[in-house]
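Peer 1: Structure below; questions to follow.
The values are calculated or read from the model by the stated rules, or taken from the named source; none is laboratory data. Since the model is a prediction, treat every value here as computed from it, not as a measurement. Neighbour counts are summed over all protein chains in view; Cβ atoms, including those assigned to glycine, are modelled from backbone coordinates with ideal geometry. When the accessible area is computed, the model is the full protein with side chains, heavy atoms only, and any ligands, DNA or RNA have been set aside. Shrake-Rupley method; radii C 1.70, N 1.55, O 1.52, S 1.80 Å.
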Amino acid sequence: MFQEVLENKLVPVVVFKTLDEVEPTMSSLIKGNIRVAEICFRTDVAPEALKKAVKNYPNILIGAGTIINKEQAELAISLGAKFIVSPGLSESVNEVCVKHNVTYIPGVVTPTEIMKALELNITYLKFFPAGVYGGLKAIKALSSAFPQVKFMPTGGVDNSNLKELANEKSIFAIGGSWLLKGDVTAVCLEANKIIKGE
């Protein structure tokens, strides 16, 4: 799973308000050369949207985001989520993911949270909200103390600051909703060019 994420670097944070949005949004991401998507459990239709996306787009690595308890984790995995992302660190969510052999990417911002994640043998972490908690400067400081950890900054990221994040060796991926704003395909294609240094 991580190979796919590492190669793509970009993880769009997708929020569906209706099931009708699934097809056009996923199609736009694919046209934008995106191969990974995190569907957030922030809306009532999220579980059905995840199920539909997993069924109709088998070539995309689809995970579930904003998972905050074990019940949501169980549901998302049962619907086909290939990875689970949380805004914070939940031991109960981690237990569900370990049980099902599904990758868990919890959110952290402090050394204490990172140490807790390491105790759970988790080294790929979401840094959220990145823009509020110091962005790249904070990630560099934390990675010097925790060289075994890799981060996925999310929040406060867009194409204007994408390049500096993509060049940081401690960052394994970059997540965000900016990829879903405006002309989705165009924004994603531009982001891919920035990632590749074109």
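Peer 1: Given the conditions (1) in a helix (DSSP H, G or I); (2) open to solvent by less than 50 Å² (accessible area, probe 1.4 Å); (3) closer than 30 Å to residue 98 by Cα, report the number of the one that residue 140 does not fulfil.
Peer 2: Of everything listed in (1) in a helix (DSSP H, G or I); (2) open to solvent by less than 50 Å² (accessible area, probe 1.4 Å); (3) closer than 30 Å to residue 98 by Cα, residue 140 misses just condition (2).
Peer 1: It is to be established whether one or more residues within the stretch 25-34 are touching a residue at least 40 places away in the same chain (Cβ under 8 Å) and part of a strand (DSSP E or B). First the steps, then the outcome.
Peer 2: Initially, the stretch 25-34 is screened for residues touching a residue at least 40 places away in the same chain (Cβ under 8 Å), giving 25, 28-29, 31-34.
This time we only want the ones that are part of a strand (DSSP E or B), so: none.
Within the stretch 25-34 (the criterion being touching a residue at least 40 places away in the same chain (Cβ under 8 Å) and part of a strand (DSSP E or B)), the answer is no, since none of the residues qualifies.
Peer 1: Among the candidates 169, 163, 150, single out the residue that is under 16 Å from residue 85 (Cβ atoms) and not acidic (Asp, Glu).
Peer 2: Numbers: 169 fails: under 16 Å from residue 85 (Cβ atoms); 163 fails: under 16 Å from residue 85 (Cβ atoms).
Only one candidate qualifies: 150.
Peer 1: Taking the stretch 147-157, which residues are open to solvent by less than 20 Å² (accessible area, probe 1.4 Å), within 19 Å of residue 121 (Cα to Cα) and in a loop (DSSP other than H, G, I, E, B)?
Peer 2: The one that is open to solvent by less than 20 Å² (accessible area, probe 1.4 Å), within 19 Å of residue 121 (Cα to Cα) and in a loop (DSSP other than H, G, I, E, B): 149.
Peer 1: Residue check, residue 52 against (1) assigned to a helix (DSSP H, G or I); (2) open to solvent by 20 Å² or more (accessible area, probe 1.4 Å); (3) touching a helix residue (DSSP H, G or I) at 6+ places or on another chain (Cβ under 9 Å); (4) under 26 Å from residue 112 (Cα atoms), all met but one. Which one?
Peer 2: (4)
Peer 1: Looking only at the stretch 6-19, decide whether some residue is modelled with pLDDT under 95, within 30 Å of residue 145 (Cα to Cα) and either touching a Cys at 6+ places or on another chain (Cβ under 7 Å) or surrounded by fewer than 14 Cβ atoms within 10 Å (Cβ to Cβ) (or both).
Peer 2: Yes, some residue in the stretch 6-19 is modelled with pLDDT under 95, within 30 Å of residue 145 (Cα to Cα) and either touching a Cys at 6+ places or on another chain (Cβ under 7 Å) or surrounded by fewer than 14 Cβ atoms within 10 Å (Cβ to Cβ) (or both).
Peer 1: Please enumerate the residues belonging to the stretch 55-79 that are surrounded by 20 or more Cβ atoms within 10 Å (Cβ to Cβ), among the hydrophobic types (A, V, I, L, M, F, W, C) and assigned to a helix (DSSP H, G or I).
Peer 2: Scanning the stretch 55-79 gives 73, 76, 77.
Peer 1: Give me the residue from the stretch 158-190 that is more than 16 Å from residue 6 (Cβ to Cβ), touching a Pro at 6+ places or on another chain (Cβ under 9 Å) and among the aliphatic types (A, V, I, L, M) and, out of that set, surrounded by the fewest Cβ atoms within 10 Å (Cβ to Cβ).
Peer 2: Restricting to residues being more than 16 Å from residue 6 (Cβ to Cβ), touching a Pro at 6+ places or on another chain (Cβ under 9 Å) and among the aliphatic types (A, V, I, L, M), the top hit is 180.
Peer 1: Just checking, which of 59, 33 is at pLDDT below 95 and not aromatic (Phe, Trp, Tyr)?
Peer 2: Working: 33 fails: at pLDDT below 95.
Every option except 59 fails the conditions.
Peer 1: For the stretch 101-122, how many residues are in contact with a strand residue (DSSP E or B) (Cβ under 9 Å, 6 or more places away or on another chain) and outside any loop (DSSP other than H, G, I, E, B)? Can you show your working first?
Peer 2: Kept after step one, since they are in contact with a strand residue (DSSP E or B) (Cβ under 9 Å, 6 or more places away or on another chain), are these residues of the stretch 101-122: 102-109, 113-114, 116-117, 120, 122.
Of the ones still in play, those that are also outside any loop (DSSP other than H, G, I, E, B) are 103-105, 107-108, 113-114, 116-117.
Looking only at that region, the number is 9.
Peer 1: Another one. Of the conditions (1) touching a Lys or Arg at 6+ places or on another chain (Cβ under 8 Å); (2) closer than 23 Å to residue 128 by Cβ, residue 22 clears all except one; give me its number.
Peer 2: Single failed check for residue 22: (2).
Peer 1: Now, a different point. Which pairs turn up if I take residues in the stretch 73-88 that are within 21 Å of residue 59 (Cβ to Cβ) and look for partners that are among the basic types (Lys, Arg) and crowded, with 24+ Cβ neighbours inside 10 Å with beta carbon separation below 7 Å, at least 6 apart in sequence or on another chain?
Peer 2: So the pair list comes out as 85/126.
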